[in-house]
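> Dumping the structure here so I can ask a few things about it.
The values are calculated or read from the model by the stated rules, or taken from the named source; none is laboratory data. Remember, predicted model here, so these are calculated numbers, not experimental data. Neighbour counts run over all protein chains shown; Cβ positions are idealised from the backbone, glycine included. Heavy atoms of the whole protein, side chains included, go into the accessibility calculation; ligands, DNA and RNA do not. Shrake-Rupley method; radii C 1.70, N 1.55, O 1.52, S 1.80 Å.
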Amino acid sequence: MGQSLSNLCGIKPAEPPQWAAFEAKMKAEGLSEAAIAAFKHNFVTLASGANLMISEWDISPVSSLPDYEQLSAEDPALLGKTVMLKLNGGLGTGMGLEKAKSLLTLRDRMTFLDFIAKQTLHMRKKYGVELAFMLMNSFSTSADTLKALKTYKGLATAGVDLEFQQNKAPKVTASDLSPAAWPANAEHEWCPPGHGDLYPAMVGSGTLDALLAKGFKYMFVSNSDNLGATMDLKLLTWFAASDAPFAMECAQRTEADKKGGHLANGSQGLLLRESAQCPDEDEKAFQDTAKHRFFNTNNLWINLPALKAVYDKFDGVLPLPVISNGKTVDPRDKASTKVLQLETAMGSAIECFPGAQAILIPRSRFAPVKTTNDMLALASDAYEVTPDHRMVLKAERAGVPPNVKLDGCYKFVDGLNGLIPNGPPSMLKCSKLTIEGKMVLEAGVVFEGEAKVVNASSEAKTLKAGTYTGTVEL
């Protein structure tokens, strides 16, 4: 049932002849032994011809999970043993940015990082415990991020670094599995190894050992673009009491989530199956939200001594399932050499920890911003900022965010800003908003129910202040 089975059973595939060139390349780049070992696991798995897919025949659905709504116990003393880690390595290139996506301004002149920093400081003050906070940055996001956080005095915890950096991995030439070469721009020879790199980055940077030496036992991990993923004392108390080595927060799948990774039972316990690991013939079953009911929110809880023990058990490698993505070495040149990018998902570590658990959480803990559609909804009055600096849906929304579909000309942030130069429209009572064509919204625009605004002409037009529902043609 997962391609890491050969490693889990102690049977290691033979080292392929191409490996020496990869090893030399990574050492020359100054990558850590943990990063090299992680990539070696991925490459050897690929080169062995192992099946990288997880078939429907190899898994069974998860019928039920413990429910967050049933939790009540809270033990603030646990906060002193806990680290809150945000994955912050992503640039907002998909939204037209060349900086960390977490530096995007959402509302009230506050960025993702502003919200996160204020949440952390508020929790420390409320409970009188110095909750540790860290970031996993990339080379591209580190400088801008640390500069932005300098305004928050005391955010860094004594003796705990504010950041460590993620690794990079060599691209693999698809035709012969050699290291990809692109002399025109050597940076194109490297790629991110997926957020499963969390584990070798923690080990290789010395972060894991440093945290254990300081007496930390638990870590909460989430993406910096998910403002719903705040430190939750009920979840921390549940995780500590469960004595589980690892836990995943899952939400109920809907039609909107049918392409995302889902939780399943394998022969050795819980596992995560991503869409890239699903055989074509199983796609219908993969997307059946009534069958596979729970998806991974990428909010994870890790017992740090257990992580250290697993690394020792597998000789310095966490044998995560490998995901192979076909690309071209130059992403902008579709005629350039075909390559494979080997990635891992951090949630897939659930199958490496016997006794790992999952818990059903409310949708409010999963509010990622992946597109300008998400940004517009968050900026509107459908959301409010709480006294503890969380951004949540207003009660009138009953837990359901507005469904926003913007024209492609608003894909980038500057395009969105051009749509709403006078501020976002009211969407408190809007279930679905579709914008087609070039336009500018005046201040005072209110959308209710299912609203669609269409401008079929090539010239930008103005939508006057007022309340709109149904289809409006400009």
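> What order do Asp330, Asp280 take when sorted by accessible area (1.4 Å probe), most exposed first?
From most accessible down to least: Asp280, Asp330.
> For Thr386 and Lys432, calculate 0.36 nm times their separation in residues minus their Cα-Cα distance, and state this gained length in nm to one decimal.
14.1 nm
> Relative to the longest principal axis of the chain, what angle (0 to 90°, nearest 10) does the C-alpha long axis of helix 233-242 take?
Rounded to the nearest ten degrees, it is 30.
> Also, quick follow-up: Measure nothing fancy, just the Cα-based angle from helix 112-127's long axis to the longest principal axis of the chain, in degrees from 0 to 90, nearest 10.
Compared with the principal axis, the helix lies near 80 degrees.
> For region 79-167, build the convex hull from the C-alpha positions and give me its volume per residue in Å³.
Hull volume normalised by residue count: 100 Å³.
> What percent do you get for the relative contact order of the chain when only Cα pairs under 8 Å and 6+ apart count? Walk me through the numbers on the way to the answer.
Values: 967 pairs, mean separation 82.1, N = 474.
Worked out over the chain, it gives 17 percent.
> Okay, next question. How large is the accessible surface of Asp243 in square angstrom, using a 1.4 angstrom probe and rounding to the nearest 10?
Approximately 110 Å² of Asp243 is accessible to the 1.4 Å probe.
> Express in whole angstrom the spacing between the alpha-carbon centres of region 454-474 and region 162-221.
That distance is 47 Å.
> So what is the diffusion coefficient of the chain in µm² per second by Stokes-Einstein at 20 °C and 1.002 mPa s, using a Kirkwood Rh over Cα pairs?
On the way: Rh = 23.8 Å.
Stokes-Einstein gives a translational diffusion coefficient of 90 µm²/s.
> Another question, if that's okay. With every protein chain present, what is the per residue accessible area of the chain (1.4 Å probe, Å²)?
With all protein chains present, the chain gives 43 Å² per residue.
> Something else: Scan around Thr328 for amide H atoms under 5 Å from its own, H built in the peptide plane at 1.01 Å from N, and keep only partners 5 or more places away or cross-chain.
Val339
> Determine the order of Arg365, Arg332, Arg293 by accessible area, beginning with the largest, at a probe radius of 1.4 Å.
Result of the area sort, largest leading: Arg332, Arg293, Arg365.
> A further question follows. Once the principal axes of the Cα atoms of region 23-154 are found, what is the range along each, listed largest first in whole angstroms?
53, 44, 31
> For region 203-261, which semi-axes, largest first and in whole Å, follow from the square roots of 5 times the eigenvalues of its Cα gyration tensor? Spell out each step's value before the answer.
Working: eigenvalues 143, 50, 26 Å².
Its equivalent ellipsoid spans semi-axes of 27, 16, 11 Å.
> For Ile359, what is the net charge nearby, where nearby means another residue's Cβ is under 13 Å from its Cβ and Lys, Arg count +1, Asp, Glu -1?
The answer is -2.
> At a 1.4 Å probe radius, carbon and sulfur cover how many percent of the accessible area of region 138-208?
On the way: 1850 of 3230 Å².
Answer for region 138-208: carbon and sulfur cover 57 percent of the accessible area.
> Moving on. Filter the trypsin sites (Lys or Arg not before Pro) in region 133-162 to those in DSSP coil with at most 15 other Cβ atoms within 10 Å of their Cβ, and list the result.
Counting only loop positions with at most 15 other Cβ atoms within 10 Å, the trypsin sites (Lys or Arg not before Pro) in region 133-162 are Lys150, Lys153.
> Nearest 5 is fine: what % of DSSP beta bridges in region 46-137 come out antiparallel, could you say?
Working: 3 of 9 bridges.
Antiparallel: roughly 35 percent of the beta bridges in region 46-137.
> Only bridges whose two residues both fall in the chain count here: according to DSSP, what percent of them are antiparallel, nearest 5?
Within the chain, antiparallel bridges account for around 45 percent of the total.
> If I stretch the segment between Val160 and Asp312 completely, what's the gain in nm (0.36 nm per residue apart, minus their alpha carbon distance), one decimal?
Full extension of this stretch gives 52.4 nm more.
> Scale the Cα Rg of region 175-306 by the rule-of-thumb value 2.2 N^0.38 Å and send over the ratio, two decimals.
Details: Rg = 18.3 Å, N = 132, 2.2 N^0.38 = 14.1 Å.
Relative to the 2.2 N^0.38 Å estimate, region 175-306 comes out at 1.30.
> Let me ask something else about it. What residues qualify as long-range amide H neighbours of Thr173, i.e. H under 5 Å apart, gap of 5 or more or another chain, H built at 1.01 Å from N?
Correct list: Ser178, Ala180, Leu340.
> Consider all pairwise Cα distances in region 126-204 and report the whole-number % of them above 16 Å.
Percentage above 16 Å: 64.
> Pull out the extension gain between Ala213 and Lys258, defined as 0.36 nm times the separation in residues minus the alpha carbon to alpha carbon distance; nm, one decimal.
Details: separation 45, 0.36 × 45 = 16.20 nm, distance 4.16 nm.
Length difference between fully extended and current span is 12.0 nm.
> Sticking with the crude label model, points 7 Å out along Cα→Cβ, report the distance from Glu33 to Ser178 in nm, one decimal please.
Result: 3.0 nm between the two label points.
> Write down, largest first, the equivalent ellipsoid semi-axes of region 266-398 in whole Å, where each equals the square root of 5 times an eigenvalue of the alpha-carbon gyration tensor. Don't jump to the answer; show the numbers that get you there.
Working: eigenvalues 187, 123, 63 Å².
Sorted largest first and rounded, they come to 31, 25, 18 Å.
> Taking the radius of gyration and the Kirkwood hydrodynamic radius from Cα positions alone, what is the Rg/Rh ratio for region 285-353, to two decimal places?
That ratio equals 1.11.
> Could you please state, rounded to a whole Å, how far the C-alpha centre of region 14-64 is from the C-alpha centre of region 280-298?
25
> Would you compute, from DSSP H runs of 4+ residues alone, the mean residue ellipticity of the chain at 222 nm, taking -39500 (n - 2.57) per run and dividing by the full residue count, rounded to the nearest 500?
On the way: 12 runs with 106 residues, N = 474.
Value at 222 nm, helices only, nearest 500: -6500 deg cm²/dmol.
> How much of the pair distance distribution for region 331-423 lies past 19 Å, counting alpha-carbon pairs only, in percent?
The share of Cα pairs beyond 19 Å in region 331-423 comes to 63 percent.
> Pick out, from Ala356, Ala50, Phe164, the residue whose Cα sits farthest towards the positive end of the charge dipole of the chain, with +1 on the Cβ of Lys and Arg and -1 on the Cβ of Asp and Glu.
Phe164
> If I take R0 = 51 Å and measure r between the Cβ atoms of Glu74 and Thr471 in this structure, what FRET efficiency does the formula 1/(1 + (r/R0)^6) give, to the nearest 0.05?
In this case the efficiency is close to 0.55.
> Output the 0 to 90 degree angle, nearest 10, between the alpha-carbon long axis of helix 19-28 and the longest principal axis computed from the alpha carbons of the chain.
Here the helix axis deviates by roughly 60 degrees.
> Give me the dipole magnitude in Debye, nearest 20, for the chain about the Cα centre, with unit charges on the beta carbon: positive for Lys and Arg, negative for Asp and Glu.
880
> Can you pull the three principal axis extents for the Cα set of region 374-474, in Å, largest first?
44, 27, 21
> Let me ask something else about it. Given labels modelled 7 Å from the Cα in the Cβ direction, how far is it in nm from Ala276 to Asn422?
Label at Ala276, label at Asn422, 4.4 nm between them.
> Along the Cα→Cβ direction, 7 angstrom out, place labels at Met110 and Glu396. What is the inter-label distance in nm?
2.1
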